[in-house]
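First up is the structure itself, then whatever we jot down about it.
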Amino acid sequence: MTEPPTPAKRRYDVAASRDDVATTLRQAADQEGFVLCGITDAVDSPGFNRLARWVELGYAAGMGYFASRLDAYRHPDRVLQGARSVAALAYPYAAHAAPPAGPGEGRIARYAWSGDDYHDVIRAKLHRVCDATRAAGTHPDGDPIGVRGVVDTAPLMEREIAELAGLGWRGKNTLLIRPGLGSYFFLACVLVDLPLPADPPFETFHCGTCTACLDACPTDAFPQPGVLDASRCISYLTIEHRGPIPTELREPIGDWVFGCDVCQDVCPWNRKPARHAEHAEPPLETVDLHEILMLTEDGFRKRFRKTPLWRARRQGMLRNAAIVLGNRREPAAETPLAETLEDDDPVVRAAAAWALGRLDTDSARESLRRRAPRESDPTVIAEIEHALGDAPASSAENLL
């Protein structure tokens, strides 16, 4: 029996193949719900030196991964070997007006309103975009093309790449802004080791003389336009920061229990953004702070394991809840805060002590006095003493 003839290897016209790959990538991104897609060449980062200086000045705060892999930000080929092109994609999140927090509630940043971890959602979409892109062509020698999709976990200058790919400009609050869409979207990238037709960069700056975002920041987290000091940013403090929050930054946190939208909500370009990714009843616009304080480690895991709030961990969320309750100074918060003084985590106990001091009632002070002789952690002791007026304000801060 004779063997069937071997199929002839498909001959690709190089230019046509590249066009096919780019077209397929764009179409797949559109089908997956990405509202913007632009392609740029993979080049040395024009802003790498600014990033290095930002890290040097300490503006990365506790996010040590910037310094530990700083060199990887120089060029996209550190993320995909041989990368020649990068597609920048934008995926929208809720843009409707935020509801006010009710009694005993804390506000959640709008990107988390859906209750879904956006990494999981977008990563699945990127996998399908990458699969379609790989199937669309090959290298001129017939070898398969390399493709990788990433969403804010790889060492990539996503906002810079998005600007180079024509998606928008970086505003004074450091976020990417697009006319008609504002800044309410996630950024993701697809790297390809084939040179694809590139889009023109977005070269105009439309913030003008407006400083609304800078003026509205409750913690003065912008030392200058376009530069964010993460150590003062409410989003960083309530999500990424581990340990006690500096005393002087607690009151400015207001009722933000997870993240912050102030610099976006005041931006004129977000007044009438395109209405994408709406949810009839977003489950996480606000949360009940009293319930948060009652969560055990297991309870926290069961409720928030698959949500963005998992990033803050139990310690962070209970700490944040206590601080917001201290800022709200509602009498109903006294009992849950007093119970939280018995928590196993000293960071949580310290926040509860501070909050009880803010309530400034005889019964709150009595709860602190009952805890004081049984407390062994020096930071919590300092917070109790300060709340009772037995120590200067600096004593607790010196232990942070």
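The values are calculated or read from the model by the stated rules, or taken from the named source; none is laboratory data. Since this is a predicted model, take the numbers as computed values, not measurements. Counting neighbours? That spans all protein chains shown, and the Cβs are built from the backbone with ideal geometry, glycine included. Surface areas here come from the heavy atoms of the whole protein model, side chains and all, with no ligands, DNA or RNA. Shrake-Rupley method; radii C 1.70, N 1.55, O 1.52, S 1.80 Å.
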Worksheet entry | Range in the chain, longest, excluding exposed trypsin sites (Lys or Arg not before Pro) [loop by DSSP; at most 16 other beta-carbon atoms within 10 Å] | 70-241
Discussion item. Once you order the gyration tensor axes a ≥ b ≥ c over the Cα atoms, which shape class does the stretch 222-323 get: rounded for a/c under 1.5, otherwise prolate or oblate by comparing a/b with b/c?
Written reply: oblate
Practice prompt. Using DSSP, restrict attention to beta bridges with both residues in the chain and report what percent are antiparallel, rounded to the nearest 5.
Written response: 95
Discussion item. Just to be sure I understand: with springs between alpha-carbon atoms less than 10 Å apart, which residue in Ala321, Ala61, Ala97 has the highest mean-square fluctuation in the Gaussian network model of the chain?
Written reply: Ala97
Discussion item. Which order do you get for Thr361, Thr238, Thr335 if you rank them by accessible area with a 1.4 Å probe, largest at the top?
Written reply: Thr335, Thr361, Thr238
Fill in: Listed residues Ala333, Ala154, Ala135, most fluctuating in the chain (Gaussian network, C-alpha, under 10 Å)
Ala135
Fill in: Helix-derived mean residue ellipticity, 222 nm - over the chain, DSSP H n ≥ 4, -39500 (n - 2.57), to 500
-10500 deg cm²/dmol
Practice prompt. Run the 1.4 Å probe and let me know the accessible area of Leu70, rounded to the nearest 10 Å².
Written response: 40
Fill in: Shape of the stretch 16-136, Cα gyration tensor, a/c cut at 1.5
oblate
Discussion item. Just to confirm, what accessible area per residue do you get for the chain at 1.4 Å probe, in whole Å²?
Written reply: 47
Item to complete: Could you work out the local net charge near Ile39, counting Lys and Arg as +1, Asp and Glu as -1, over the other residues with Cβ closer than 12 Å to its Cβ?
Response: 0
Item to complete: Identify which of Asp117, Asp288, Asp44 has the largest mean-square fluctuation in a Gaussian network model of the chain, with springs joining Cα atoms closer than 10 Å.
Response: Asp44
Worksheet item: Can you give the accessible area of Leu187, probe radius 1.4 Å, in Å² rounded to 10?
Response: 30
Item to complete: Determine the share of the chain's accessible area contributed by carbon and sulfur atoms, expressed in whole percent, with a 1.4 angstrom probe.
Response: 50
Worksheet item: Taking the Cβ of Ala61 as the center, what net charge do the other residues with Cβ under 14 Å away carry, scoring Lys and Arg +1 and Asp and Glu -1?
Response: -1
Worksheet item: Summing +1 for each Lys or Arg and -1 for each Asp or Glu, what net charge is found among the other residues whose Cβ lies under 12 Å from the Cβ of Arg313?
Response: +3
Worksheet item: Using θ = phi - 60° and the Karplus curve 6.51 cos²θ - 1.76 cosθ + 1.60, what whole-Hz ³J(HN,Hα) does each residue of the stretch 340-345 get, with Gly and Pro shown as x?
Response: 5, 4, 9, 5, 6, 8
Worksheet item: How about the chain: what cysteines have no other cysteine beta carbon under 4.7 Å from their own?
Response: Cys37, Cys130, Cys189, Cys207, Cys210, Cys217, Cys233, Cys260, Cys267
Worksheet item: Which entry is the computed Rg and Dmax of the Cα atoms in Å for this structure: (1) 23.0, 81; (2) 24.8, 98; (3) 21.7, 80?
Response: (2)
